[in-house]
Amino acid sequence: MSNFERVFQALLFEAGAVFFTVVLMSLATAHNTGELTLTIVLISVIALIWNLFFNVVFDKLFQGERVHRSWGIRTLHTISFELGLLLFTLPLVAFILHVSWWEAFVMDISMTLFVMFYTLIFHWCYDHIRHWFSQHR
């Protein structure tokens, strides 16, 4: 995968993640949409940078055609990515939303669980669509 495609994939992923997360968190909490959007966009920027570095390392460790990755490898990818991201985002959530560390942790874990599900589905779809396009050029 080229660097251009990695950036495209990451931007597409983050756009969907921001949209769906803001909608779900605004329905689930008393925080206003503006605060949530700011928080989630900042998390998205952090995640985008983390994504680029993390995926380069992960792809070197797990080589081969991505379309052939098992659900186990995809689950490992998702969990390890999200746990690393949590280290960066927990202080941000507590600070911007003016909540306790515990509340920030619960909110961050809730967002993480949603994004983990989204990540599995997004990357499976992306890899299969990419594979289909490469076979039908």
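Worth a mention:
- Test: VAL45 is in a helix (DSSP H, G or I), within 11 Å of the chain's Cα centre (by Cα), of a type outside the set (Ser, Thr, Tyr) and over 16 Å from LEU120 (Cα atoms): yes
- Region 30-54, residues that are among the polar types (S, T, N, Q) and surrounded by fewer than 15 Cβ atoms within 10 Å (Cβ to Cβ): ASN32, THR33
- Flag if VAL67 is within 28 Å of TRP132 (Cα to Cα), in a helix (DSSP H, G or I), touching a residue at least 24 places away in the same chain (Cβ under 8 Å) and within 16 Å of the chain's Cα centre (by Cα): no
- Hits in region 69-126 - residues which are in contact with a helix residue (DSSP H, G or I) (Cβ under 6 Å, 6 or more places away or on another chain) and acidic (Asp, Glu): GLU82, ASP108
- Counting the residues of region 114-130 that are touching a residue at least 40 places away in the same chain (Cβ under 8 Å) and out of contact with any Leu (no Cβ under 7 Å at 6 or more places or on another chain) gives 11.
Yes/no per residue for (1) crowded, with 18+ Cβ neighbours inside 10 Å; (2) free of Cβ contacts under 8 Å to residues at least 24 places away in the same chain; (3) of a type in the set (Val, Ile, Thr):
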position: LYS60; (1), (2), (3): no, yes, no
position: PHE81; (1), (2), (3): yes, no, no
position: LEU85; (1), (2), (3): yes, no, no
position: ALA94; (1), (2), (3): yes, yes, no
position: GLU103; (1), (2), (3): no, yes, no
position: ASP108; (1), (2), (3): yes, yes, no
position: THR112; (1), (2), (3): yes, no, yes
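- Condition met for ARG137 (among the charged types (D, E, K, R) and surrounded by 14 or more Cβ atoms within 10 Å (Cβ to Cβ)): no
- Residue in region 21-40 that is touching a Leu at 6+ places or on another chain (Cβ under 7 Å), over 21 Å from ARG130 (Cα atoms), outside any helix (DSSP H, G or I) and not hydrophobic (A, V, I, L, M, F, W, C) present: yes
- Considering residues of region 1-29 that are without any contact (Cβ under 8 Å) to a residue 40 or more places away in the chain and among the small types (Gly, Ala, Ser) only, the residue surrounded by the most Cβ atoms within 10 Å (Cβ to Cβ): SER26
Every number in this text was worked out from the coordinates using simple rules, so none of it is lab data. Note that the structure is a prediction, hence the values are computed from the model and not measured. A quick note on method: Cβ atoms are made from the backbone with ideal geometry, for glycine too, and the neighbour counts reach across all protein chains shown.
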